[in-house]
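S.K.: Below are the structure tokens for one structure; questions will follow.
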Amino acid sequence: MDEYEQFKTTYFAECAELLGDVEVQLSALSTGSEDPEVLHAIFRAVHSIKAGAGAFKYTQLAAFSHEFEALLDRMRDGRIPVTETGVSLLFRASDILSAMVESAESKTELTGNFGSQILDEISIMVNGKSSAPAASKETVNVATEDTSESEAVTVYLIDFAPKAELFKHANEPLLIVRELKTLGELSATPILNQLPPLGKMDGEEAYIAWQFKLTSKARLDEVEEVFEFVTEDCSLEITSEANLDATEMEEDIPVSEIGNPASPANTPPAAKGPVTAAKVTSIRVDLDRIDRLVNMVGELVITQSMLSQQTSDLPAEQFPSMVRGLEELALHTRELQESVMAIRMQPVKSVFSRMPRLVRELSAKLDKKVNLVTIGENTEVDKTVIEEISDPITHMIRNSLDHGLEGTEERLKLGKPEAGNVTISAEHRGGRIVITISDDGRGINRKAVLMRARERGLISETHTPSDDEIDNMIFAPGFSTAEKVTDVSGRGVGMDVVRRNIQALGGRVSIQSNPGKGSRFTMTLPLTLAVMDGMIVQAAGDKYVIPIPNIVESLRPPKSSLKQLPTGQSLVSIRGSYIPLCFLHRIFHLGGAITDPAEALVVLVESEEFGTTGIVVDELIGQQQVVIKSLESNYKSVAGISAATILGNGKVAPILDIEAIYRISQQDLRNSPLPTASDGLSGVLQDSLARTNPQLATPSIG
């Protein structure tokens, strides 16, 4: 095994973060940002990738990074203006850089001339002529030291004090000295006041500090970059003087004599108070470790809940210490769970940052002018949710640009600004995250949607649907109003994928459209896929969980409000609207349940696909935060069930899939391979899980 493999793993993880940041900064640049820090940030990211590539001998990656860096360097100091053509070149160079990093990580070979066209374009922009794809040593020197004769010479005084552990982190001060020397005339003074007696020295610790004097045409940020890989392992202070008297540092040692045993012993001057570099407040942890931690905390929550339930009847006056201890355990367990879940939370910025480029490329392809606004990009959500929302957001952005926004001429005729506006926003609301994508375009063409829906048999010729019903038809599988298929749309895929993916996450999507003024898509998603708030209900002695976000209200309807259609469908009249009922005992073949809705309870739930539905259960047990367990990975998929949890008594409770429950009810799947009436669904799951996953099917305590 490669002895540097662990360091390479860290390097590629950092590359992924750096390339993500490059994408964000390039998007800002493309929108006309004049903040000089944008180019500086891109330069630093590419420089860091180049440094690592050189260290691990990824020659092709290092050479390309160098040329990319040279272009950025000239842009940030104003020698090359930042134009639309230049920004486009930066985007394409970023793509090549990403591909080279991916190739190095996967250990796959790229063609020798890979990226040569971009290199030629960079060379023409930098030098006014084409050059060979690989950068020679001389080319590197030109790129790093090519400065105008008119640039001012600055004298930098650098106080550099390595921490003891610097060597242990694979850093070497001598390399820093060599790098500084490439910037100009350098001399150094050692600071020996931390040097211990020879017998107490540790060969793996750093003891000597340095004062450097650098006379250079380099800018301050270029000098600081020399130390960027050791800022966590040193104290550093850099000051500059334009006209320093050469006699002020008469004890300086020429750099050529550093490390020479014949160098004279120096009496070090009093060290200046260095400014300590900011300490890192984060560490890199494999996601698998965090997942295991989340799972173990989930098990702890379940065990704590079981203990609380089993001891709930203990008289407090007889067991005051135990009752108090259990209360504190419950409090600390909840705090621990919240803290662990917070570790997985990430800002949606990682998804939002990809959209400016998408808008930029699509607007050019569609010949439309578009302004993209992002709001709430620092709103945090579980990493697993972030990974799943990218595709839905991408589909909705494409829909807004292609179908929603008018062309430039049409907008001007309508009295609108020539550039259309698309806004993506994110916010926390009621324990969930709400993401909206809105535009100021033409809105949904309801006439065209209705006509296409009737052509496809989605709606009868005699039925007159409401505006909301028409708008929601765009979510039908394969639905499209595009007159021709293009590489942007028209294949009949997209919006149905959006709804399906969001529903798979336990979320909902809705649309509001105002003809002539625009449309707004709203996604409501859980903050995490590990825990959820649920309502525990009971039917025929079995307990089930209904997700709280789906619940509208619960009631015991009077007999006068109940109706039955000739098809057998039961309805309940609530505030003038007839709502279909789903009987849980019928769906899961449960015996002994209350069959009369007037004597049972009806839980009204909302479904994006089917609207409002009433689920008939025996009783409500109460609201509870539950730990979500996958059925597919621990047992097998069960129709009508999205996942499972373990209650305080150690029993498994299925979590209902609202959409599937309604669908099963309507299709009357009474002969489907579901549990028998004598066992009940919870009993079957309990027994099966006990065999396949003992940890999940924890037995009752006591």
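S.K.: Treat each spin label as a single point 7 Å out from the Cα along the C-beta direction, and report the LEU220 to ARG500 distance in nm.
M.R.: 5.7 nm
S.K.: Another question, then. Simple spin-label model, 7 Å along Cα-to-Cβ: ARG454 to THR612 in nm?
M.R.: With each label point 7 Å from Cα toward Cβ, the separation is 2.9 nm.
S.K.: Continuing with the same structure: Work out how much length THR9 to LEU195 would gain on full extension: take 0.36 nm times their residue separation and subtract the Cα-Cα distance, in nm to one decimal.
M.R.: Length difference between fully extended and current span is 63.4 nm.
S.K.: Using modelled backbone amide H atoms (1.01 Å from N, in-plane), which distant-in-sequence or interchain residues come within less than 5 Å of ILE80's amide H?
M.R.: Correct list: MET75.
S.K.: Another one. Mean separation of Cα pairs under 8 Å and 6+ residues apart, divided by the residue count of the range 347-526: what relative contact order is that in percent?
M.R.: Result for the range 347-526 is 24 percent.
S.K.: Considering the Cα trace of the range 290-334, what is its radius of gyration and what is Dmax, both in angstroms?
M.R.: 12.3, 41
S.K.: Give me the percent of accessible area attributable to carbon and sulfur for the range 2-141, probe 1.4 angstrom.
M.R.: 53 percent
S.K.: Let me ask something additional. Using modelled amide H (1.01 Å from N, peptide plane; none on Pro or chain starts), what sits under 5 Å from the amide H of ASN371, excluding residues fewer than 5 places away?
M.R.: When sequence neighbours closer than 5 places are left aside, the close amide H contacts are GLY420, ASN421, VAL422.
S.K.: At 1.4 Å probe radius, can you tell me the per residue accessible area of the range 347-526 in Å²?
M.R.: Here the residues of the range 347-526 average 48 Å² of exposed surface.
S.K.: Related question: Once amide H atoms are built 1.01 Å from N in the peptide plane, which residues 5 or more positions from PHE583, or in another chain, come under 5 Å H to H?
M.R.: Correct list: VAL616.
S.K.: Another question about this same structure. How high is the FRET efficiency between SER630 and THR111 when r is their beta carbon distance and R₀ equals 30 Å, given to the nearest 0.05?
M.R.: Calculated value: 0.10.
S.K.: Continuing with the same structure: Using 0.36 nm times the number of residues separating HIS463 and GLU619, minus their current alpha carbon distance, what extension gain do you get?
M.R.: 52.4 nm
S.K.: For labels at ARG79 and SER577 in the simple 7 Å Cα→Cβ model, what's the distance in nm?
M.R.: A separation of 6.7 nm, rounded to one decimal place.
S.K.: List the lysines whose alpha-carbon lies under 29 Å from that of LYS168, not counting same-chain residues fewer than 8 positions away?
M.R.: LYS8, LYS50, LYS57, LYS107, LYS181, LYS200, LYS213, LYS272, LYS279
S.K.: Hey, what D do you get for the range 2-141 in µm²/s if you plug the Kirkwood alpha-carbon radius into Stokes-Einstein at 25 °C and 0.890 mPa s?
M.R.: 161 µm²/s
S.K.: If you take the square roots of the eigenvalues of the alpha-carbon gyration tensor of the range 380-481 and sort them as a ≥ b ≥ c, do you get rounded (a/c under 1.5), prolate (a/b over b/c) or oblate?
M.R.: Oblate, because a/c is 1.5 or more while a/b does not exceed b/c.
S.K.: How much of the accessible area of the range 347-526, in percent, comes from carbon and sulfur atoms when a 1.4 Å probe is used?
M.R.: Using a 1.4 Å probe with all protein chains present, the range 347-526 comes out at 48 percent carbon and sulfur.
S.K.: With only alpha-carbon atoms in the gyration tensor, what are the semi-axes of the equivalent ellipsoid for the range 347-526, in Å, largest first?
M.R.: Calculated on Cα positions only, the semi-axes equal 25, 21, 15 Å.
S.K.: May I ask you to give the solvent-accessible area per residue for the range 287-343, in square angstrom, as obtained with a 1.4 angstrom probe?
M.R.: Ligands and nucleic acids excluded, the figure is 66 Å² per residue.
S.K.: Fully extended, how many nm does the chain gain between THR522 and SER312 (0.36 nm per residue separation, minus their Cα-Cα distance)?
M.R.: Here the segment from THR522 to SER312 would lengthen by 71.4 nm.
S.K.: Further, regarding this structure: Report the one residue of SER106, LEU26, SER88 whose Cα lies farthest in the direction of the positive end of the charge dipole of the range 1-110 (charges on C-beta: Lys and Arg +1, Asp and Glu -1; origin at the Cα centre).
M.R.: The residue sitting most towards the positive pole is SER88.
S.K.: Return the sequence-ordered ³J(HN,Hα) values of the range 391-397 in whole Hz as given by the Karplus equation 6.51 cos²θ - 1.76 cosθ + 1.60 applied to θ = phi - 60°, using x for Gly and Pro.
M.R.: Taking θ as phi minus 60°, the curve returns 5, x, 5, 4, 4, 5, 5 Hz for the range 391-397.
S.K.: Calculate, for ASN445 and LEU562, the FRET efficiency according to 1/(1 + (r/R0)^6) with r their C-beta to C-beta distance and R0 51 Å; round to the nearest 0.05.
M.R.: 0.80
S.K.: A follow-up question, please. Could you go through the range 612-629 in sequence order and give the Karplus-derived ³J(HN,Hα) for each residue, using 6.51 cos²θ - 1.76 cosθ + 1.60 with θ = phi - 60°, rounded to whole Hz, and x for Gly and Pro?
M.R.: Here the 3J(HN,Hα) series is 8, 9, x, 9, 8, 10, 6, 7, 9, 8, x, 8, 7, 7, 10, 8, 7, 10 Hz.
S.K.: Also, I was wondering about something else. How large is ³J(HN,Hα), in whole Hz, for each residue of the range 92-103 in order, when computed from phi with the Karplus curve 6.51 cos²θ - 1.76 cosθ + 1.60 and θ = phi - 60°, using x for Gly and Pro?
M.R.: Per-residue couplings from phi come out as 5, 5, 5, 4, 5, 4, 4, 5, 5, 5, 4, 5 Hz.
The values are calculated or read from the model by the stated rules, or taken from the named source; none is laboratory data. Here the structure is a predicted model, which is why all the values come from computation and not from measurement. Note: ideal-geometry Cβ built from the backbone for every residue, glycine included; neighbour counts use all protein chains shown. The protein model used for the area step is the full one, side chains on, heavy atoms only, and it has no ligands, DNA or RNA in it. Shrake-Rupley method; radii C 1.70, N 1.55, O 1.52, S 1.80 Å.
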